[in-house]
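The structure appears right after this line, and notes come after that.
The values are calculated or read from the model by the stated rules, or taken from the named source; none is laboratory data. As the structure is a computational prediction, the values presented were derived from the model and not from experiment. Reconstructed Cβ throughout: ideal geometry from the backbone, glycine too, with neighbour counts over all protein chains shown. With ligands, DNA and RNA removed, areas are computed over all heavy atoms of the protein, side chains included. Shrake-Rupley method; radii C 1.70, N 1.55, O 1.52, S 1.80 Å.
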Amino acid sequence: MHEVDMTKCLLISLNEWRQRRDDASAMVETVHLEVGRFTCVEPDQLVTTYNAAVQGTWLDGSRLTITDIPFVGRCLVCNSTYDPVPESAYRSPCCDHPLEEIVSGRELRIRSIDYRSAAGAALESSSIQRMR
Ligand SMILES: [Zn+2]
């Protein structure tokens, strides 16, 4: 997954968010993003890409923060959850069963947006669709 594509997707979501609010005075201060470890997104690289992409736009000066969501699989044999690792081909350590169910780790969403508008500071949550 590629930080540039993801940033484009994020900017589209933020533009839609502003249109939905119908509030041209809304100034985004911080975008809180949740990114699962199984998305192959490099958080630092995403922040760098975002900062470059917003220059000169209405989002110039806004900040992106990223919360890591751990990668967790569930073993369908014994129903336990585990941390899948590539070294063991993501198989469960308990039963050596192939990874079939991902509990978390594929998240790619906006958790909340901190913004200021003519009406005062506020907090809003919205989500973007998964990209994989
Ligand atoms: Zn098991």
- Please determine, by comparing only the residues of the range 107-124 that are under 11 Å from His32 (Cβ atoms) and open to solvent by less than 80 Å² (accessible area, probe 1.4 Å), which one is modelled with the lowest pLDDT. Glu124
- Quick check, is Thr65 of a type in the set (Val, Ile, Thr) and at pLDDT 95 or above? yes
- Message: Within the range 37-55, does at least one residue satisfy the condition of being within 16 Å of the ligand (Cβ to nearest atom) and open to solvent by less than 70 Å² (accessible area, probe 1.4 Å)?
- Response: no
- Query: Can you tell me which residues in the range 59-105 are more than 16 Å from the ligand (Cβ to nearest atom), surrounded by 15 or more Cβ atoms within 10 Å (Cβ to Cβ) and more than 30 Å from Ala26 (Cα to Cα)?
  - Reply: Phe71, Ser104, Gly105
